[in-house]
Every structure is written in structure tokens, then in C-alpha cells.
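These notes are about the structure you will find just below.
The values are calculated or read from the model by the stated rules, or taken from the named source; none is laboratory data. Please read these numbers as outputs of a predicted model, since none were measured by experiment. Every residue, glycine among them, receives a Cβ derived from its backbone with ideal geometry; neighbour counts consider all protein chains shown.
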Amino acid sequence: MTGRPLEEVLRELGEVQDLLIATPSDDFAARAELSNLQDALRSEAREARQDVPVDDLGVEQLAKEVEHLEAELTRYLDARPSASAGGPSGGFGGGGIDPDKLHEMHRKMDSSFGFEEKRERLRALKVRLAEVTGE
């Protein structure tokens, strides 16, 4: 939980983006500092968005968050190692990752990514969007 309202974080993010645009391209130190601050504010905004109750979001906000979460989950799942990761090892069994180790790896990755929480949030957003749009 960020502790700051989303509107405040977004306002500050906009200010940082304006400063970044206005900073000369050859001022590498200032641009790097602003870019790091921009990344931190984007992360804080994502966290703040997750704290907003689904019932408090409008149709446009619901649709945007559904689209964002679906894309985020798809990218995550596409990046997760598969059973064939690592390719053939030349030994018996054709290589790849041991299924037990792969399962353990997926559980740890899912936990650190917050996969189940994001999937549940997506489900709740879709239910609410269907309620408010009548679909």
C-alpha cells in the first residue's frame, strides 16, 4: 500500500514527465535522475491503482485496468520458463527442466509476481465492468 492517493501520484508523475521533456538531451545526469523518479512513480501508481476498490472505478477506468492487467498477465505467462526450456541436454530423457523443479520455480515466480492476486483483481474488474455496462 502506497499511502498516497492515486491522484497525487499521477500529478507528480505528470510533473516529472514535463521536466524530463524540458531537460536538455545532453544533461545525462538530470535525465537519468528524472527517469529513475519516473519509474518509481509509475510503480507507486500501479500499487495505488490496485488499492482502489473496484466499485469506485468508472467504466473507462475499469476497461483500461482490464486491458492493462490482461496484457501484464499475458507478458508474464509468456516469459515463464516452459518444460522444454534449456533445450536438449544430450542425456537420457531429452533434456529440458525437471517437471518438479519447474513447478516449484513457477510457484515461487507466481508468488513474487503476485499472480493470483492480479488474476483475482482482473476477475473482479471484469465482473464489475459487466455489471455497469450490462454485458
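Observations on the structure shown:
- Scanning region 38-54 for residues that are over 14 Å from the mean Cα position of the chain (by Cα) and crowded, with 16+ Cβ neighbours inside 10 Å yields Gln38, Val54.
- Only listed residue being touching a residue at least 40 places away in the same chain (Cβ under 8 Å) and basic (Lys, Arg), chosen from Arg11, Arg4: Arg4
- Candidate set from region 1-37 (those that are polar (S, T, N, Q) and more than 27 Å from Gln61 (Cβ to Cβ)); member that is surrounded by the fewest Cβ atoms within 10 Å (Cβ to Cβ): Ser25
- Residue within region 50-67 that is small (Gly, Ala, Ser) and at pLDDT 85 or above present: yes
For every residue, the table says whether it meets (1) of a type in the set (Gly, Ala, Ser); (2) free of Cβ contacts under 8 Å to residues at least 60 places away in the same chain.
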| position | (1), (2) |
| --- | --- |
| Leu37 | no, yes |
| Ala40 | yes, yes |
| Arg49 | no, yes |
| Val54 | no, no |
| Leu62 | no, no |
| Glu65 | no, no |
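- If you go through region 55-83 and keep only what is among the hydrophobic types (A, V, I, L, M, F, W, C), surrounded by 14 or more Cβ atoms within 10 Å (Cβ to Cβ) and under 11 Å from the mean Cα position of the chain (by Cα), you end up with Leu69, Leu73.
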